[in-house]
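The values are calculated or read from the model by the stated rules, or taken from the named source; none is laboratory data. The structure presented is a predicted model; accordingly, all values stated were derived computationally and were not measured. We place every Cβ from the backbone using ideal geometry, glycine too, and count neighbours over all the protein chains shown. Just so you know, the surface numbers come from the protein's heavy atoms only, side chains and all, with ligands and any DNA or RNA stripped out. Shrake-Rupley method; radii C 1.70, N 1.55, O 1.52, S 1.80 Å.
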Amino acid sequence: MNGKGGGEEGVTATSSVSPPLDWKFSQVFGERTAGEEVQEVDIISAIEFDKSGDHLATGDRGGRVVLFERTDVKEHGSRRELEKQDYSISRHPEFRYKTEFQSHEPEFDYLKSLEIEEKINKIRWCQTSNGALFLLSTNDKTIKFWKVQEKKVKKVSEMNVDSSQASANGNIPSSCSASPRPCLPNGGCSERPYKYLSSDFKFPPGGFPTLRLPVVASEDTSLIARCRRVYAHAHDYHINSISKNSDGETFISADDLRINLWNLEISNQSFNIVDVKPANMEDLTEVITSAEFHPMQCNTLAYCSSKGSIRLVDLRQSALCDNHSKLFEEHETPGTRSFFTEIIASISDIKFSKNGRHILSRDYMTLKLWDINMDSGPVATFQVHEYLRPRLCDLYENDSIFDKFECCLSGDGLRIATGSYSNLFRVFGCASGSSEATTLEASKNPMRRQVQTPARPARSLSSLTRVVRRGSESPGADANGNSHDFTTKLLHLAWHPNENSIACAAANSLYMYYA
């Protein structure tokens with residue numbers, strides 16, 4: 001199994017498997033000093049690259065959105081043009097701070113006596129237009145559509161007064177001097193002075209040399225973020241995901257029980273397309289945890305649930321998509337059920353591959369890769385931190401078992417990544433025959449805790465399916481024997497759409513790596 005990006009179909013993997021990537025540190029923004037206490041509002045809660053990969057957006061718990069722009073390809077033109085010219089690029093991807101703005105403020109719902117925090121849950125980039133950047137951001141209840149554009153600041157650089165003559169004797173020209181204004185009988189004043197120009201006044205030949213037109217010059221540019229639309233009052237429960245459609249006109253927002261369809265141009269109306277709320281809430285057995293549009297088919301979307309299932313929906317079938325077109329789930333092995341089975345089966349995030357052929361899902365313990373044309377089971381399963389299984393009771397006690405980790409795929413579909421505890425993240429190769437399973441730490445030395453863990457032999461289910469389980473099998477703290485810190489967790493990360501570059505969030509710090 002081997003996915004190719006850019007809309008191409010998957011190709012059959014050859015016998016030569018690409019070696020594991022050598023990841024290197026690129027940049028860090030907001031690095032903490034030793035012993036520095038992290039403010040709650042500064043913790044990053046969302047990361048997203050735009051379609052070109054030239055811009056990166058992060059959101060934090062304080063309701064702020066921070067934008068970064070790429071700088072290493074600007075001086076040489078676009079990267080795609082350089083590749084056509086066989087131009088060797090030795091520099092690694094570099095980004096710089098662009099701007100930031102306050103997206104959401106804390107609110108209070110007086111009807112429900114509910115405090116709505118300003119934390120940014122998701123950010124999604126929209127189509128750029130006329131040099132302006134557009135993006136969607138959401139907290140628990142309200143979605144906002146932002147436009148970020150450069151505005152030129154213009155100032156008058158030259159006035160129409162000849163400064164040399166005006167300051168020669170310390171007086172201003174007589175034409176500018178104040179004249180006494182005559183008083184009118186009613187106590188007012190006439191706006192015309194005694195010595196105003198008569199109608200037969202003529203300018204001398206050549207005009208007045210001291211009279212000049214003001215000159216306006218552009219001093220500099222400033223970035224202005226404007227909220228174009230607010231999509232509110234459509235969700236009774238907390239919004240967990242938003243996803244824009246490939247048609248460029250619509251997007252979806254999902255909460256625990258419903259998925260709504262919006263038009264970007266209409267903020268006061270949305271259509272409910274999925275509703276899993278039972279007539280009696282006591283019959284509720286599962287909730288929606290994430291939803292995502294297909295990257296190429298505007299009529300197809302997928303959403304996952306707390307029971308570990310993924311449903312594919314076709315919007316052409318009916319207005320209310322009560323019935324799914326495909327169901328993807330893995331049945332548990334008999335005799336393995338425990339108290340924690342349903343909790344760790346809950347899917348926290350799903351992502352489509354770039355060509356839309358595969359879906360990547362993340363539950364608490366594993367990553368699973370699904371082929372949308374095959375609903376019998378996952379194509380591959382990757383163990384993220386299997387060594388934590390004996391400690392599930394402790395994780396339940398401190399609520400860590402409910403942490404929601406995100407996942408991402410590379411643009412070429414050959415690798416996947418997700419986060420773990422102690423600010424670690426894992427990168428797996430998902431091409432046929434690949435045994436790549438790399439552990440990296442979000443620090444300036446990402447390979448500091450690197451251990452290549454042996455992969456279990458592949459268990460072939462059929463000629464079409466294979467399940468590979470990888471990860472450390474040691475019941476200790478981790479592969480190096482280091483104790484895990486469950487307070488430092490890497491929940492959010494994003495893969496550059498065109499290159500092997502990953503951005504990940506460790507508390508309030510944004511780390512970037514390349515290979």
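Data table
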| quantity | calculated |
| --- | --- |
| Checking Glu115 against (1) assigned to a loop (DSSP other than H, G, I, E, B); (2) more than 18 Å from the chain's Cα centre (by Cα), the condition it does not meet | (1) |
| Candidates Leu284, Leu315, filtered to the one that is touching a residue at least 40 places away in the same chain (Cβ under 8 Å), over 19 Å from Cys126 (Cβ atoms) and open to solvent by 40 Å² or more (accessible area, probe 1.4 Å) | Leu315 |
| So Arg80, is it modelled with pLDDT under 90, outside any loop (DSSP other than H, G, I, E, B) and open to solvent by 20 Å² or more (accessible area, probe 1.4 Å) | yes |
| Looking only at region 333-364, and only at residues there that are in contact (Cβ under 8 Å) with a residue 24 or more places away in the chain and in a helix (DSSP H, G or I), the one that is most open to solvent (accessible area, probe 1.4 Å) | Glu342 |
| Flag for Pro378 being over 16 Å from Leu490 (Cβ atoms) and open to solvent by less than 30 Å² (accessible area, probe 1.4 Å) | yes |
| Filtered residues of region 397-409 (kept if over 18 Å from His492 (Cα atoms) and open to solvent by less than 80 Å² (accessible area, probe 1.4 Å)) | Asn398 |
| Failed item, numbered, when Leu367 is tested on (1) assigned to a loop (DSSP other than H, G, I, E, B); (2) surrounded by 24 or more Cβ atoms within 10 Å (Cβ to Cβ) | (1) |
| Single residue of region 21-48 satisfying the filter (over 17 Å from Arg61 (Cβ atoms), of a type in the set (A, V, I, L, M) and surrounded by 14 or more Cβ atoms within 10 Å (Cβ to Cβ)) that is modelled with the lowest pLDDT | Leu21 |
| Candidate set from region 298-312 (those that are touching a Leu at 6+ places or on another chain (Cβ under 9 Å) and assigned to a loop (DSSP other than H, G, I, E, B)); member that is farthest from Val276 (Cα to Cα) | Cys298 |
